[in-house]
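Chemist: Have a look at this one.
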Amino acid sequence: MNEDEIEHLRKKLLCLKSKLEEEEEAVEGNKETAELDQAKVGRLSRMDAMQLQQMALEESRRRQHQLLKIGGALLRIEKSDYGYCFICEEEIDIRRLSFDPTYTRCVKCMEETS
């Protein structure tokens, strides 16, 4: 993988990171405890409010996990260790990294561990 390809993927990672952080800030209010007062909840039942709250918490957990993966990929770029499979240490195909620049395994190793 050449420097231009790595720089392109780094920019893609930074853009994705920024987008996820914006989404996390936008939904911060959905993490609050579900209201018991039916007048504030409106037509939704308490169970519906609790379910919506849990869905928001799960979405947040997934965003946080993705942000950790992005942080790891950016760190590997800084250390010039990006784009190599964690298992076999072979270079990961650029097409695979273009699809998801946080991948840490080549296709062969991924299939073997599945």
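Chemist: Which pairs have Cβ atoms under 8 Å, sit 6 or more apart or on different chains, and link a residue in region 19-37 that is farther than 18 Å from Ala49 by Cα and surrounded by 10 or more Cβ atoms within 10 Å (Cβ to Cβ) to one that is among the charged types (D, E, K, R) and modelled with pLDDT of 75 or more?
Modeler: From residues that are farther than 18 Å from Ala49 by Cα and surrounded by 10 or more Cβ atoms within 10 Å (Cβ to Cβ), the pairs are Leu20/Arg63; Glu23/Arg63; Glu24/Arg63.
Chemist: Of all helices (runs of 4 or more DSSP H) completely enclosed by region 11-105, which ones contain at least 3 residues that are at pLDDT 95 or above and within 30 Å of Met1 (Cβ to Cβ)?
Modeler: Working: elements: 38-41, 46-78, 94-99.
The helices (runs of 4 or more DSSP H) meeting that bar are 46-78, 94-99.
Chemist: Can you tell me which residue among Ile87, Ile92 is of a type in the set (Val, Ile, Thr), over 16 Å from Lys12 (Cβ atoms) and surrounded by 12 or more Cβ atoms within 10 Å (Cβ to Cβ)?
Modeler: Values: Ile92 fails: over 16 Å from Lys12 (Cβ atoms).
That would be Ile87, the only listed residue that is of a type in the set (Val, Ile, Thr), over 16 Å from Lys12 (Cβ atoms) and surrounded by 12 or more Cβ atoms within 10 Å (Cβ to Cβ).
The values are calculated or read from the model by the stated rules, or taken from the named source; none is laboratory data. The structure displayed is predicted, hence computed values, not measured ones. FYI the Cβ positions are ideal-geometry reconstructions off the backbone, even for glycines, and counts take in every protein chain you see.
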